[in-house]
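Structure below; questions to follow.
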Amino acid sequence: MPFIGRDWRADGEQWTKTDIGSWERPRQLSTSSSLLNVNSSLSDVFNALEIANSVNNIRRFNYIAKVVQILFKDKLGELSGNAQRSLFQVIGRMIDMVLKTGDNISLMQRIVTQFHNSIHSAYPFYYYIGSAPLWQRHIEMLTRMQETIKQVQTNMIKTDEDTSKLTFDSLPVEMQREVIRRLDNGTDIVNVGMINSNIYRVSQELLIWRQLCLYHFGGDAQNSNNSKLGENILGLMRRQQDDVDTNDIDWKSAYFKLKRQYGLREVYAEMIHQCQLCKCLFWQDTGHSCPYETLTSSSIPITPRKLVTMLV
């Protein structure tokens, strides 16, 4: 009689433990669309979500840049060869995007410099590179990237020397104030204020720093113009003085103190989401077809750090 069941000599089924303590079979990776299960390698995730091609989407650029920064800063020693190759491919596409558009030059210079320093600090151990020749190739590649970015910056400086163009300094004070108010990082506001004394006075206005504090630490981002302060801000005020008076706050100093203690609020134009039913990852604007069609599908946004933690 033929044996029609599963061969008893075969390997057992693989089960993984979920966050709630139950067990489930690992789902298969689907590379035919933009969705995949988290039980996949980092290179599989990058390929299925088309991370390298998504760099060309300006809405996704900052999100991908943050993922890359976290990977080489905290997880580089844990990446496989395929993951390292995927990471270099993404950085190469980001460089091409910067050369094409001229945007995010400072961000890319910071990323490449930090990546170069991280790899160079491994000498002579090569503990996450694999071999000395491979380490040397990575160093040479990153050096070429640094030189390319410097050349782009030099060309932009020569272009900006044309005095016939309208400059930020020549704008009315009201327009300068509106531009500075739309910056979401206090360091950027400080750097803008170094242009000249007039812009410096605008960058020191307490209302700008107050709105920035409310945006990052005021709780609900929708109420950033509301007089209701967040618990983080109130806690800082109580530690500094007994009576809470919003009129006597040095909002610039408060911003940097709150930043050191709580960090800044992460905001991206588009993020990767995870379906709560099938646990698949997908880009927010792309969506996905959940296999559990009979149930109401819902998803949660995945921050760059959480994505790296899930995959490495």
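The values are calculated or read from the model by the stated rules, or taken from the named source; none is laboratory data. In this text the structure is predicted, and so the values were computed from the model without any measurement. Reconstructed Cβ throughout: ideal geometry from the backbone, glycine too, with neighbour counts over all protein chains shown. What goes into the accessible areas is simple: the full protein's heavy atoms, side chains included, and nothing from ligands, DNA or RNA. Shrake-Rupley method; radii C 1.70, N 1.55, O 1.52, S 1.80 Å.
Quick check: anything in the stretch 53-61 at pLDDT below 85 and not in a helix (DSSP H, G or I)?
There is no residue in the stretch 53-61 that is at pLDDT below 85 and not in a helix (DSSP H, G or I).
From the list S80, S121, pick out the single residue that is in contact with a helix residue (DSSP H, G or I) (Cβ under 8 Å, 6 or more places away or on another chain), open to solvent by 20 Å² or more (accessible area, probe 1.4 Å) and in the same structural domain as M141 (by the TED database).
Step by step, each of S80, S121 is checked, and only S80 is in contact with a helix residue (DSSP H, G or I) (Cβ under 8 Å, 6 or more places away or on another chain), open to solvent by 20 Å² or more (accessible area, probe 1.4 Å) and in the same structural domain as M141 (by the TED database).
Out of everything in the stretch 271-312 that is of a type in the set (V, I, T) and either open to solvent by 70 Å² or more (accessible area, probe 1.4 Å) or more than 18 Å from I51 (Cβ to Cβ) (or both), what residue ends up being modelled with the lowest pLDDT?
Going through the qualifying residues, I end up with T294.
Just checking, does the stretch 254-264 include any residue being assigned to a loop (DSSP other than H, G, I, E, B) and either modelled with pLDDT of 75 or more or open to solvent by 50 Å² or more (accessible area, probe 1.4 Å) (or both)?
To start, the set of residues in the stretch 254-264 that are assigned to a loop (DSSP other than H, G, I, E, B) comprises 263-264.
Going one step further and asking which of them are either modelled with pLDDT of 75 or more or open to solvent by 50 Å² or more (accessible area, probe 1.4 Å) (or both), we end up with 263-264.
Within the stretch 254-264, one or more residues are assigned to a loop (DSSP other than H, G, I, E, B) and either modelled with pLDDT of 75 or more or open to solvent by 50 Å² or more (accessible area, probe 1.4 Å) (or both).
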